[in-house]
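Structure first, then comments.
The values are calculated or read from the model by the stated rules, or taken from the named source; none is laboratory data. All of these numbers come straight from a predicted model, not from anything done at the bench. Every residue, glycine as well, gets a Cβ built from its backbone with ideal geometry; the counts of neighbours run over all protein chains shown. Accessible surface areas use protein heavy atoms only, side chains included; no ligands, DNA or RNA. Shrake-Rupley method; radii C 1.70, N 1.55, O 1.52, S 1.80 Å.
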There are 2 protein chains.
Amino acid sequence: MNTTRRPLAIRMHPADNVAVVANEGGLAAGTVMPDGLVLREKVPQAHKLALTDIEAGGVVRRYNVPVGYAKRAIAAGSWVHERLLDIPAARALEGLPMATVPAPTWEPLEGYTFDGYVNPDGSVGTRNLLAITTTVQCVAGVVGIAAERIRAELLPLYPNVDGVVALEHSYGCGVAIDAPGAEIPQRTLRHISMNPNFGGELLMVSLGCEKLQPDRLMPPGTLPLRPAGATLNNVCLQDATHVGFMSMVDDIVQRARPILERLNARRRQTVSASKLVVGVQCGGSDAFSGITANPAVGKMADLVVRAGGTVMFSENTEVRDAVDQLTSRAATPEVAEAIVRELDWYDHYLARGRADRAANTTPGNKAGGLSNIAEKAMGSVVKSGSAAIASVLPPGEKLRPDQTGLVFAATPASDFICGTLQLAAGMNLHVFTTGRGTPYGLAACPVVKVATRTELARRWHDLMDLNAGRIADGEQTIEETGMALFKLLLEVASGRQRTWAERWRLHNALVLFNPAPVT
Amino acid sequence: MNTTRRPLAIRMHPADNVAVVANEGGLAAGTVMPDGLVLREKVPQAHKLALTDIEAGGVVRRYNVPVGYAKRAIAAGSWVHERLLDIPAARALEGLPMATVPAPTWEPLEGYTFDGYVNPDGSVGTRNLLAITTTVQCVAGVVGIAAERIRAELLPLYPNVDGVVALEHSYGCGVAIDAPGAEIPQRTLRHISMNPNFGGELLMVSLGCEKLQPDRLMPPGTLPLRPAGATLNNVCLQDATHVGFMSMVDDIVQRARPILERLNARRRQTVSASKLVVGVQCGGSDAFSGITANPAVGKMADLVVRAGGTVMFSENTEVRDAVDQLTSRAATPEVAEAIVRELDWYDHYLARGRADRAANTTPGNKAGGLSNIAEKAMGSVVKSGSAAIASVLPPGEKLRPDQTGLVFAATPASDFICGTLQLAAGMNLHVFTTGRGTPYGLAACPVVKVATRTELARRWHDLMDLNAGRIADGEQTIEETGMALFKLLLEVASGRQRTWAERWRLHNALVLFNPAPVT
């Protein structure tokens, strides 16, 4: 039953003075709401409706927090759009509540499993992929051709291998390799090569004269992929042994063969859901993101945490305005301090570039009813559910989160940079919510896309993996949708279900976060 | 005849106190040079040999300029490596010679032509390509699949079209779109869509909710691709008309068809060599870059300028230490001031990121005998030949250089960023010199690769298009090699010869220069 035909506006908290119009096509002027409120003007779908008169300068409250201040008096029944609001001031990073919220006392969730590829380091892959690590963009053309040949000639011989991923990136010389922040893209590339979906294997292609030398990318003796004494499995294009282009391609293809043999011999094993490392993200958001899909993801996150697994949430600029919610939910004061440290670093990074904080909200966000970053933040943080924040991960710094549970992986909000950094932190499953719609996909990891609205889920029926719009339609609760998503994740993790992005082979680029200048 | 078997060290100027060893494998300790100098130690190929005793603190002179100061006394016959040298201080940007060198009084070079595709705006393509412009990385997966379908299904029907180029890039939301410097990637994308090799056609794919809206990327009425009143030929994936993934792909493919019809009907016409817009670049350099390939490129540049054409040279950090050579060669004081303005902006950009100026020199450069950026600069600037610098192009700012002749296109030195910005400035032919070797290629434009050494040209026989190593071998003069390169460019521009990168379809990524932060 689709209940959106009767006028419906969703209020997130009883103290809110705005609600969000759920009906497709919005609601016309003169519409009478179930409680008798009459609309003074048309309010588009997903946009805010004033439930009470709001005086000039008065707070506009949603999620029980101020999302703006009225520039002029707003009468009940009005459309509360961005041009009527002053953005709340940035929340200062001093005097925050630190680890003040007691962790939820949850029963552990037991009995949930998936079938994955168990790696030597104990991590578990959801896919069985051959990755080709590269040190520099210079080699990308050659690696691309070698990967095509491996796909065409070798993969049919190794049917248990899911694919070949060329880890192409824009890193090259002409970067300030020792400037502050320059370690971030380097460690990101290092750690992404060890994503659980790559089976603990390494095939590297380098040029020879690049700044990021193989030994710098993979220091000897410090990494699972390069235990003490192990030589690197590296094809260096400038090596004197390479005579002609095809010898380079042949060398890469030949080196791939024994790895494919080993990968092909692997079998999925049933493991606990605690081996999930789920990265959550939203993009192309609308006001429904914070009402349907993101709260459902939050419920899923709680389930994964209760099952002993790991959930990473990210997007510095999108959670910045809800920082007090994060610090208060930190498991320990040290974790709260780490949250502050990361967001403070990011504040300074943005200030150095004189970036306008308000610029995060895109035209699409605004058209979708999100007035500003403050409102967007409330809807974004809800993806993290309600677990205590167990640890904080600076961008690209660690191969895996320090511990299981809910992790704040501090990354830029840019979809591709965030996804790349989550991959580098050991993500083996990606959940992406969208209200406006994006065909986002990654070669290295399945991406489960969750639509915020039924209309989008219908129209993009072969791009969206789950419809959280049923929440707004009154057909499913947030909890039910969260559980459905959790179960879908286990199916996808087990390879029993492929995501739409996998079926169409939709692969977005890896994009490195490099705060240092190029030269 | 290969003359490198006898000991050979090349001195660039009579006043130099070092020369560069030309022999493959270097020269052993005890080797007696033709002038009687005895080597005190082994000197590797392409590395510097002290021709005289140099006292501690003394200047080490090459190209008749200081490339370093001796940290301790260096005896004649020694290997002068980077650890013996202090780097010269950065040349200040005040008190420079401004437009002091009279322009060469050259005879115009007439009678040289190529067969190109004449565009409505008067520019000339060297290839006949269908480009697909994109507003945001989100659409890259869909566009990649559509491009593959166009290649497989449509291109065979339009044999006169050389290929399909999806202009994929990492720009997305999560960028500070209005921060200082953020205009650079936007105008780069705008102008790259109008590269002469794309025939003045536009096929754009947008998402719908991105910050960089189609109207912002291609403002109405201000561009050749969007004359006043013209609507954009844009496929917006979020449009309500798209039901399902395949409808998006189909839409792109269908929109491509009439453009392919028009492109296919075009014929090459004989035009003057003055229609060449050559971008020159070096990468994977060694000490031979500045002795063989780059001087030959300089001679080619002079020929193109004499023929009335345009040559762009770039790479801010690699020319920075030769700034006085550039300002003195400026055609007018205004051009000299523009050079200073661009390099000053770049100095500040690097200082803001606390980048180490010395970090430009890569491990490969150093292994190849280039001690530091000062020495590298001397070898880099020589690519620009000896014409007066006619104009200066800030990164991505203009669709075409203001005028023909020698142009300083101020870009970062990063190969891929520089190439991307030169494409955005109307480059229709790219010349790339390399000493260590790189398989560099671009989808949008032929790249002619010039090897600095015969050994590399032999080993990479199917990647290097011209061997400038013959200069060091004594087989060809710099002038002869420059003329051979000029004639090769006309063949490549005419489509009669394809470069190796084209034959293998080696395509490196477009990489945008974005000085603004990500968010």
Nearest-10 value in Å² for the accessible area of residue B:42, using the 1.4 Å probe: 110 Å²
When the Cα centres of region B:296-323 and region A:44-81 are compared, how far apart do they sit, in Å? 60 Å
at residue B:59 the sorted inter-copy label distances (label 7 Å from Cα on Cβ side), in nanometres, are 7.0
Only helices counted: for chain A, with every DSSP H run of 4 or more residues adding -39500 (n - 2.57) and the sum spread over all residues, [θ] at 222 nm is -8000 deg cm²/dmol
Please give the per residue volume of the convex hull enclosing the alpha carbon atoms of region A:180-310, rounded to a whole number of Å³. 197 Å³
Set Lys and Arg Cβ to +1 and Asp and Glu Cβ to -1, take the dipole of region B:352-464 about its Cα centre, and tell me which of B:394, B:456, B:404 lies farthest positive. B:456
Over chain A, what is the relative contact order in percent, taking alpha-carbon pairs closer than 8 angstrom and at least six residues apart? 19 percent
Positive end of the dipole of chain A, charges at C-beta (+1 Lys, Arg; -1 Asp, Glu), about the Cα centre: which of A:179, A:123, A:100 has its Cα farthest in that direction? A:123
Taking r as the C-beta separation of residue B:505 and residue A:254 and R0 as 22 Å, the FRET efficiency to the nearest 0.05 is 0.55
What's the extension gain from residue B:332 to residue B:247 if we count 0.36 nm per residue and subtract their Cα-Cα distance? 25.1 nm
For a label point 7 Å along the Cα-to-beta-carbon line of residue B:6, residues of region B:474-507 with backbone N under 18 Å: B:474-477
Relative contact order of region A:373-472 (C-alpha contacts under 8 Å, at least 6 apart) in percent is 17 percent
Alpha-carbon centroid distance for the pair region A:188-224 / region B:148-162, whole angstrom: 38 Å
Most to least accessible of B:222, B:134 (protein chains only, probe 1.4 Å): B:222, B:134
What whole-number value in cubic angstrom gives the convex hull volume per residue for the C-alpha atoms of the protein assembly as shown? 174 Å³
Taking a virtual spin label 7 Å from the Cα of residue B:160 along the C-beta vector, which residues in region B:82-126 bring their backbone nitrogen under 19 Å of it? B:114-126
For a quick protection proxy, order the peptides A:114-120, B:473-479, B:295-301 by their average other-Cβ count within 10 Å, most packed first. B:295-301, A:114-120, B:473-479
How far apart are the residue A:250 label points across copies, placing each 7 Å from Cα toward Cβ, in nm, shortest first? 4.6
Label point distance in nm, residue B:479-residue A:230, each placed 7 Å from Cα along Cα→Cβ: 5.9 nm
Taking every residue of B:506-517, the Cβ atoms of other protein chains inside 10 Å of its Cβ average out to 5
If we hang a label 7 Å off Cα along the beta carbon direction at residue A:93, how far is it from the matching labels on the other copies, in nm, shortest first? 3.0
Students often get this wrong, so check it: of A:71/A:299; A:211/B:487; A:299/A:366; B:376/B:487; B:211/B:449, which have C-alpha atoms separated by over 29 Å? A:71/A:299; A:211/B:487; B:211/B:449
Among B:142-154, A:417-429, A:305-317, the order from most to least packed when residues are scored by Cβ within 10 Å on average: A:417-429, A:305-317, B:142-154
Along Cα→Cβ, 7 Å out, is where each label goes; now give me the distance between the ones at residue B:71 and residue B:24 in nm to one decimal. 3.3 nm
Contour excess over end-to-end distance, with Cα ends at residue B:121 and residue B:178 and 0.36 nm allotted per residue: 17.5 nm
If you take each beta carbon of peptide A:496-504 and count the beta carbons of other chains within 10 angstrom, what is the mean? 1
Need one number: nm distance between label points at residue A:105 and residue B:386, each 7 Å from Cα along Cα→Cβ, rounded to one decimal. 8.9 nm
Percent relative contact order of region A:312-428, based on C-alpha pairs within less than 8 angstrom and at least six residues apart? 37 percent
